[in-house]
Amino acid sequence: MHNYFWDVNFNDMKNLKSTCILFILLISSLSSIAQTFTITGNTTGVEDGTWLFLKTSSPQVLLDSTKVKDGKFILVGKTKEKISQMLIHTKDFANYVFFWAEKNTHLALRNGEFKKAVITGSKTQAEADLRRKLTATNQQLQDSLTSLIAKEKDVTINKQLKEKLTDTRNAEKELDIQGIKDNPKSLISAYILSVYTSTWGKEKTAELFERLSSEMKNTSYGKTIKDFLTLNKEVKIGGKFADFEQANTAGKKIKLSNIKAKYILLEFWGSWCGPCREENPNLVKTYNAFKPKGFEILGVAADDNKAQWLKAIKDDQLPWENVSDLKGDKNQAALIYGINAFPTNYLIDEKGIIVAKNLRGEALNKKLAELLP
């Protein structure tokens with residue numbers, strides 16, 4: 001009988017051994033990248049047979065779905081993060097809850113009150129709950145002041161209320177900043193800083209980012225902060241515009257500097273943004289009125305779903321060029337311009353100077369009438 005084993009020479013054996021080691025390292029690397037989450041739960045008042053869906057929070061990618069059975073459920077999903085912000089919702093979104101999932105997380109859900117879920121097995125969720133408790137009073141005060149401002153017609157009182165609202169927002173900001181300083185190894189710290197990069201500005205963001213642990217700097221939130229610090233140009237009225245290039249709806253690369261017009265409105269919006277969509281009909285009228293005089297618009301969409309983006313353009317009948325890198329509100333152009341709210345726009349003249357910011361409706365029409373008589 002031929003002995004195939006001993007016919008393999010020593011070099012072949014060495015190569016085979018090296019291949020095996022590489023294969024083991026590859027498998028080990030892949031397993032360290034993909035984290036499996038087992039989400040268990042019990043329900044109260046939720047009918048058996050009700051569908052529950054597990055998604056990542058941003059973008060919302062479906063990970064698993066199941067039916068409630070005997071008041072219980074199990075959902076399993078994989079992401080590239082050790083800790084991941086997730087969403088559980090019913091089919092019609094009548095019930096939903098966002099939460100921080102760790103390897104084995106349990107939720108106790110009550111019909112109509114998913115947001116009040118009792119969540120165990122996630123240290124990160126416990127940290128998020130603590131922050132919510134610390135800021136609860138401040139948030140209630142902000143809500144009350146916002147409501148009063150909307151109703152108050154007396155100019156002096158309205159101004160006082162707005163000043164008080166600013167004070168309460170600054171107090172919350174200081175609480176969050178101190179929380180980041182005190183908890184540099186917390187994912188909640190990295191998350192909060194990634195949310196407020198544009199609002200707090202480049203200098204404060206850089207200072208706080210340096211305090212984060214190496215592990216937090218390497219999370220997806222840490223990388224978003226790093227992108228902001230690298231890309232942001234701190235664009236201001238009276239200063240030069242910042243150039244960028246992104247793909248349009250057909251996939252063609254469009255560069256801002258290649259758009260030729262006397263005045264360009266750089267409009268940051270999103271298909272998901274209610275105020276943006278409400279403003280679009282007004283913007284279409286303005287565009288049609290002033291385009292013959294040298295006015296142009298470049299829309300930059302903070303979307304991560306191309307189909308939804310294209311549908312919004314079609315539904316709102318937007319005739320101008322629209323681009324997106326499909327990175328949601330972390331769009332690279334939005335990071336360059338430090339966008340912290342949608343919609344936001346900049347009016348740029350033919351010399352590349354930013355002449356105005358956040359002009360809408362009649363205010364935009366009036367400005368363009370002055371500039372393009």
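When the stretch 51-85 is filtered for residues that are buried (at least 19 other Cβ atoms within 10 Å of the Cβ), in contact with an Asp or Glu (Cβ under 9 Å, 6 or more places away or on another chain) and of a type in the set (Ser, Thr, Tyr), only 84 remains.
Look at (1) under 26 Å from the mean Cα position of the chain (by Cα); (2) at pLDDT 95 or above and you find that residue 304 fails only one, number (2). Please indicate, with yes or no, whether at least one residue in the stretch 209-224 is small (Gly, Ala, Ser), modelled with pLDDT under 95, under 26 Å from residue 306 (Cβ atoms) and in a helix (DSSP H, G or I). Looking through the stretch 209-224, at least one residue is small (Gly, Ala, Ser), modelled with pLDDT under 95, under 26 Å from residue 306 (Cβ atoms) and in a helix (DSSP H, G or I). Meeting the requirement of 1 or more residues that are in contact (Cβ under 8 Å) with a residue 24 or more places away in the chain, aliphatic (A, V, I, L, M) and under 30 Å from residue 61 (Cα atoms), the strands (runs of 3 or more DSSP E) wholly within the stretch 255-373 are 263-269, 295-301, 321-323. Once the stretch 138-185 is narrowed to residues that are assigned to a loop (DSSP other than H, G, I, E, B) and among the basic types (Lys, Arg), the residue that is nearest to residue 197 (Cα to Cα) is 185.
In the stretch 314-339, which residue that is of a type in the set (D, E, K, R) and surrounded by fewer than 21 Cβ atoms within 10 Å (Cβ to Cβ) is nearest to residue 283 (Cα to Cα)? Per the stated criteria, the residue is 316.
With the structure loaded, tell me whether residue 143 is acidic (Asp, Glu), farther than 23 Å from residue 226 by Cβ and surrounded by fewer than 17 Cβ atoms within 10 Å (Cβ to Cβ) or whether it fails that test. Judged against the criteria, residue 143 is a match. Which one is farthest from residue 53 (Cα to Cα) among residues in the stretch 83-142 that are touching a residue at least 60 places away in the same chain (Cβ under 8 Å) and among the hydroxyl-bearing types (Ser, Thr, Tyr)? Looking at residues that are touching a residue at least 60 places away in the same chain (Cβ under 8 Å) and among the hydroxyl-bearing types (Ser, Thr, Tyr), I get 124.
When 156, 146 are checked against the criterion of being of a type in the set (Val, Ile, Thr), over 30 Å from residue 207 (Cα atoms) and over 27 Å from the mean Cα position of the chain (by Cα), a single residue qualifies: 156.
The values are calculated or read from the model by the stated rules, or taken from the named source; none is laboratory data. Since the structure is predicted, the reported quantities are computational estimates derived from the model, not experimental observations. Don't worry about glycine lacking a Cβ; one is built from the backbone with ideal geometry, like all the others, and counts go over all protein chains shown.
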